[in-house]
Amino acid sequence: MSQKITLVLGGTGKTGRRVAERLQERGVAVRIGARSASPSFDWEDEATWAPVLDNVDRIYVSYQPDLAVPGAVETIRRFSALAVRSGIKRLVLLSGRGEDEAQAAERELQASGAEWTIVRGSWFFENFNEGFLAEGVVSGMVYLPPDTVTEPFVSTDDIADVAVAALLNDEHVGKVYDLTGPRLMTFAQAVAEIAAASGRPIGYQSVPVADFTAQLQADGLPGDYVELIRYLFTSVLDGRNSSVTSDVERVLGRRPRDFADYARETAATGVWSIAA
């Protein structure tokens, strides 16, 4: 009998790529769920769902672009139901802290009949080097709506480690983990730490949400993505997540990674350097 496969949806993304790497290092058979993979997987094309479930027994579920977008809750309900009908044993869902819509999606997955674990992430460290904030860091000025609100930024490496533990170990079944870094920071403080690690001036300026989203639209970003950004900066980043948890340490037996270490190690790669 062939070895059962662990499916990693979003397996080319920030957390999914890391989850897949860690599973493969442990000798686990992995299938990447992505549009570019074979077989291809697309959340917007339900015909692609069943083929990736063949011989799979557990799934890391990372929904794109975000569980807060319209239709995500129904999509998670349909996918979870199909997964259970296909014999899937365990579902580990990447969710968001403080997102009401994401928690509605969580409930659909919890009601599916599969073993489940919910992994809620705070704002990723890696948004500053792998996401939409990287360009501003390199340019020397980051413009964002948040002013004094604090966020417990978290490493995607810590998220991946927790997700892998939940996929492989029974003790995490039925648990909801809120993952944070070890301290609260404003976005301005995070940028200042990146500047210090990079050895170059990088400024931060808070701008009104309306002006920020208008600029995103002018830059040609899709309307649904602009609306998602507006939601995140007006609702999720309103202070509701300004607290740290011990969940990373509970699961992994170690403290979460600190932003200063991330900034120093990432700066050393040269990703924030100005091209000559």
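The values are calculated or read from the model by the stated rules, or taken from the named source; none is laboratory data. All values reported here derive from a predicted model rather than from experimental measurement. When we count neighbours, we look across all protein chains shown, and the Cβ atoms used for this are built from the backbone with ideal geometry, even at glycine.
In table form, for the structure just shown:
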quantity: Tabulated pairs, region 194-209, first surrounded by fewer than 14 Cβ atoms within 10 Å (Cβ to Cβ), second of a type in the set (Val, Ile, Thr) and not in a loop (DSSP other than H, G, I, E, B), C-beta under 8 angstrom, 6+ apart or interchain; calculated: Gln205/Val142
quantity: Conditions (1) crowded, with 20+ Cβ neighbours inside 10 Å; (2) at pLDDT below 95: number failed by Ser2; calculated: (1)
quantity: Conditions (1) assigned to a helix (DSSP H, G or I); (2) acidic (Asp, Glu); (3) over 23 Å from Lys89 (Cβ atoms); number of the one not met by Asp161; calculated: (3)
quantity: Among residues of region 217-234, those that are over 22 Å from Phe187 (Cα atoms) and part of a helix (DSSP H, G or I), counted; calculated: 4
quantity: Of the criteria (1) in a strand (DSSP E or B); (2) touching a helix residue (DSSP H, G or I) at 6+ places or on another chain (Cβ under 9 Å), which one Glu108 fails; calculated: (1)
quantity: Counted residues, region 114-158 - those being in a strand (DSSP E or B), more than 25 Å from Ala268 (Cβ to Cβ) and not hydrophobic (A, V, I, L, M, F, W, C); calculated: 4
quantity: Per-region count, region 39-71, residues of a type in the set (Val, Ile, Thr) and over 23 Å from Val164 (Cα atoms); calculated: 2
quantity: Selection count where residues are farther than 22 Å from Pro65 by Cβ, touching a strand residue (DSSP E or B) at 6+ places or on another chain (Cβ under 6 Å) and in contact (Cβ under 8 Å) with a residue 12 or more places away in the chain, scope region 16-54; calculated: 4
quantity: Any hit, region 246-256, residues being in contact (Cβ under 8 Å) with a residue 24 or more places away in the chain and in contact with a Phe, Trp or Tyr (Cβ under 7 Å, 6 or more places away or on another chain); calculated: yes
quantity: Test: residue in region 235-247 that is among the acidic types (Asp, Glu) and outside any helix (DSSP H, G or I); calculated: yes
quantity: In region 133-189, the residues that are under 17 Å from Arg250 (Cβ atoms), among the polar types (S, T, N, Q) and buried (at least 18 other Cβ atoms within 10 Å of the Cβ); calculated: Ser155, Thr180
